[in-house]
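Let me begin by presenting the structure, written as structure tokens, before commenting on it.
The values are calculated or read from the model by the stated rules, or taken from the named source; none is laboratory data. It should be emphasised that the depicted structure is a prediction, and the values quoted were computed from it without experimental measurement. A quick note on method: Cβ atoms are made from the backbone with ideal geometry, for glycine too, and the neighbour counts reach across all protein chains shown. Keep in mind that these areas ignore ligands, DNA and RNA; they rest on the heavy atoms of the full protein, side chains included. Shrake-Rupley method; radii C 1.70, N 1.55, O 1.52, S 1.80 Å.
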Amino acid sequence: MESDSDRSASASNSSFEVEDFSPPPSPDAGDNSAAQGPEPYQFEPMAQAPTEAGATAAEADDALQGRMGAVSEWCACGHCSSLSPAENICCRETPKVWHRCQQVGVSTCITQHPGFEPVSLNPYVLQAAYAYERQIFGETQETMVNSSYRHLAYRNFVRWCWGYLGQHIRVVLPSCAVTVIREHFPEDGPYTGFLPPLDFYE
């Protein structure tokens, strides 16, 4: 029969075992069977070689520069004008915008859609949008001049076609829509054009 002193000795031995936290021995270079534990980065995509990445960027630049040729080469709706390489996009190649046209059977251009005028050109609708923005963002020093109307028209157009995008998400509007909005609310000097979000270059 085991005595109390024997039992306490065996209990103390088992309860005071020290766990080994030292790193496992590194496997031999030729032995791949010794790999243990998780393998980091195994599901990460492979990085492109610098030459491939540079070629892709160069191809994208060439494609954009190709947009500076004749408008008829890239415009399918017949209402676009040449703005800048990044902004020379037709409504028929913008899926969200073209979907709006198809909903009501417009087969030419988004500017021919019966909803385009009230959403993007009607000053009373734009004034209501301005009042809503003031309610959310507070008073601004801006008065309702053409630059404000254009800004609101672009935002209304985006909400109409894309819905709410979020704070730092921007989309390029079709050239035809931008052209008509600019004709409706002209500027004396040069137009700013599309600007990516501020953190785009970081």
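Taking the criterion of being at pLDDT below 85, surrounded by fewer than 20 Cβ atoms within 10 Å (Cβ to Cβ) and farther than 15 Å from PHE157 by Cα, would at least one residue in the stretch 87-101 satisfy it? Steps first, answer last, please.
Going residue by residue through the stretch 87-101, those that are at pLDDT below 85 are none.
No, the conditions are met nowhere in the stretch 87-101.
Across the stretch 159-202, what is the number of residues that are assigned to a helix (DSSP H, G or I) and modelled with pLDDT of 90 or more? Before the answer, list the steps.
Here is the first cut: in the stretch 159-202, the residues assigned to a helix (DSSP H, G or I) are 159-162, 175-184, 198-201.
Still in the running and modelled with pLDDT of 90 or more: 159-162, 175-184.
Total meeting the criteria: 14.
Give the residues of the stretch 102-124 that are among the hydrophobic types (A, V, I, L, M, F, W, C) and either open to solvent by less than 10 Å² (accessible area, probe 1.4 Å) or in contact with a strand residue (DSSP E or B) (Cβ under 8 Å, 6 or more places away or on another chain) (or both), sorted by residue number. Before the answer, list the steps.
If we filter the stretch 102-124 for residues that are among the hydrophobic types (A, V, I, L, M, F, W, C), which is where we start, we get 104, 106, 109-110, 116, 119, 121.
Listed by number, the residues that qualify are CYS109, ILE110, PHE116.
Which of the residues that make up the stretch 83-110 are of a type in the set (Ser, Thr, Tyr) and closer than 16 Å to ALA70 by Cβ?
Within the stretch 83-110, SER84 is the sole residue that qualifies.
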